[in-house]
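Okay, structure first, notes after.
The values are calculated or read from the model by the stated rules, or taken from the named source; none is laboratory data. Treat the numbers as computed from the prediction; the structure is a model and nothing was measured. When we count neighbours, we look across all protein chains shown, and the Cβ atoms used for this are built from the backbone with ideal geometry, even at glycine.
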Amino acid sequence: MKNISVIGGGTMGNGIAHVFAMKDYQVNLIDVRQEALDKALATIGKNLDRMVAKERISEQDKAQALSNIKTYTSLKEGVETADLVIEAATENESLKLKIFADMDEHAPSGAILATNTSSISITKLAAATQRPNKVIGMHFMNPVPIMKLVEVIAAYQTDKSVTDDIMELSTAIGKSPTLVNDYPGFIANRILMPMINEAVYSLFEGVAGVNEIDTVMKLGMAHPMGALQLADFIGLDVCLAILNVLHDGFGNPKYAPCPLLVNMVTAGNLGVKSGKGFYDYANGVKDATVAASFAK
């Protein structure tokens, strides 16, 4: 596999494109909006500049990586020569099902179709195609260029040879693939989201404030950032969507989203992406200050 198509120019999509381009794969980055593609290329360029400044790569390496990326606003044109297509669109099941049907129609018959979903059923996405045996999950972690893990999720229909190929490919791009089965939340989010939800419940019930909760997790549990700051970083809307998948998939009340989380998402306070979540990001992430009203 040398020709990789990535659908979605957002944070995850541009990170995935960056990683493959750095390893000299030919990457087609696809988004319906040209402005999203322009922003994606600018982000990749800035991230490569940081690597040059740290002397991890040369200017020539940067130029080569950027030359490996082509952008398309047409899915049909962007996937027609792909060996592997990775969907990295918004975490919305109906949208992903539509994209998978389009990928299946326009990608070569031998191409593997992958999704970067963090919780949606790979088996259900595979069933939307005429090649369910060639559909698989590749759940990268954010920020993609830095984080080593790739959760590889085999659908019920996925051929073992496809799983083996994706495990090998993930290693070839410098990642550490971990194979898991296709059940709601997989492993990463089945464990992570209940922890975040419990942190929100602790705030909601007045057990402790935002700073206190995150300090306990950082200093007591050796987490790089606290659970509430991490939720802001992921996006509170994404956290809510994943908890709903877990709750619907298992029917277990332990996965029910905290009402405070629901209200914050409804109000549009989504974390870093909106400028306000459990913290106020008006002065930048490093200078985030607790928005006390959220704890009431």
- request: Would you be able to say whether some residue in the range 206-222 is under 22 Å from the mean Cα position of the chain (by Cα) and in a helix (DSSP H, G or I)?
  value: no
query: Among all residue pairs at least 6 apart or on different chains, which show Cβ distances below 9 Å where the first residue, located in the range 254-280, is modelled with pLDDT under 95 and the second is buried (at least 18 other Cβ atoms within 10 Å of the Cβ) and among the hydroxyl-bearing types (Ser, Thr, Tyr)?
result: 271/279; 271/281; 272/279; 272/281; 274/281; 275/281
- request: Those residues that are surrounded by fewer than 16 Cβ atoms within 10 Å (Cβ to Cβ) and among the β-branched types (Val, Ile, Thr), I need them from the range 222-274; list them, please.
  value: 266
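Conditions (1) of a type in the set (A, V, I, L, M, F, W, C); (2) touching a residue at least 40 places away in the same chain (Cβ under 8 Å); (3) under 24 Å from residue 134 (Cα atoms); (4) buried (at least 22 other Cβ atoms within 10 Å of the Cβ), marked per residue:
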| residue | (1), (2), (3), (4) |
| --- | --- |
| 2 | no, yes, yes, no |
| 27 | yes, yes, yes, yes |
| 41 | yes, no, no, no |
| 44 | yes, no, no, yes |
| 54 | no, no, no, no |
| 57 | yes, no, no, no |
| 63 | yes, no, no, no |
| 66 | yes, yes, no, no |
| 72 | no, yes, yes, no |
message: I need the full set of residues from the range 126-142 which are in a loop (DSSP other than H, G, I, E, B) and in contact with a Ser or Thr (Cβ under 8 Å, 6 or more places away or on another chain), in order please.
response: 131, 142
query: Mind checking which pairs have a first residue in the range 150-175 that is hydroxyl-bearing (Ser, Thr, Tyr) and a second that is in a helix (DSSP H, G or I), Cβ under 8 Å, 6 or more apart or different chains?
result: 156/123; 156/126; 158/122; 158/126; 158/132; 158/133; 158/134
- prompt: Scanning for something within 27 Å of residue 189 (Cβ to Cβ), assigned to a strand (DSSP E or B) and not β-branched (Val, Ile, Thr), does the range 91-110 turn up at least one residue?
  reply: no
statement: residue 28: passes all of (1) closer than 18 Å to residue 138 by Cα; (2) assigned to a helix (DSSP H, G or I) but (2)
